[in-house]
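Please treat every number below as a calculation from the coordinates, not as lab data. Everything numeric in this text was worked out from a predicted model, so none of it was measured. Backbone-built Cβ (ideal geometry, glycine too); neighbour counts: all protein chains shown.
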Amino acid sequence: MGNSNSAQDALGKASQLVKAIKLMEEGEEVDELILPIQVTTDYICGCSQQERLNHFNTVIKEFSERKNKMKIEFQHYQDNMKGIDKKEFVKRVQI
């Protein structure tokens with residue numbers, strides 16, 4: 001389900017619920033069977049629980065890889081900085 005289709009569907013269901021609430025406030029009876037079903041996480045996300053888990057696992061894997069890469073780069077940077085004498089360091093900082 002696309003985002004615009006999901007949004008239109010959600011607005012239609014919300015509209016049905018608003019109409020039903022108004023009728024109930026006016027003392028009218030509302031047939032509960034015609035009301036939209038309970039909103040689930042599958043409906044909100046537009047995908048099943050397994051699809052969400054797969055997506056989150058992919059995101060976690062990508063961030064873990066980025067973290068590890070940054071950690072290695074930072075370690076190289078630290079190693080390079082340790083090899084610079086104080087005078088050279090001051091020159092680089094002032095530039």
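Things worth noting here:
- Mean Kyte hydropathy of -0.5 or more with a Cα span along the axis of at least 18 Å, helices from DSSP in the chain: 3-25
- Straight-line cross-link reach from K13 at under 14 Å between alpha-carbon atoms covers these aspartates and glutamates, not counting any fewer than eight positions away in the same chain: E32.
- A straight Cα-to-Cα reach below 16 Å connects K61 with the lysines K69, K71, residues fewer than 8 places away in its own chain not being considered.
- Size of electric dipole in the chain: Cβ of Lys, Arg +1 and of Asp, Glu -1, about Cα centre, debye, nearest 20: 1380
- Relative counts (whole %) of C-alpha pair distances in region 3-94, using bins that are 5 Å wide: 2, 10, 10, 10, 9, 8, 7, 6, 6, 6, 6, 6, 4, 4, 3, 3, 1, 0
- Net charge, A20 excluded, C-beta distance under 13 Å - Lys, Arg +1, Asp, Glu -1: -3
- Among L17, S48, H76 the positive-end extreme of the charge dipole of the chain (Cβ point charges): H76
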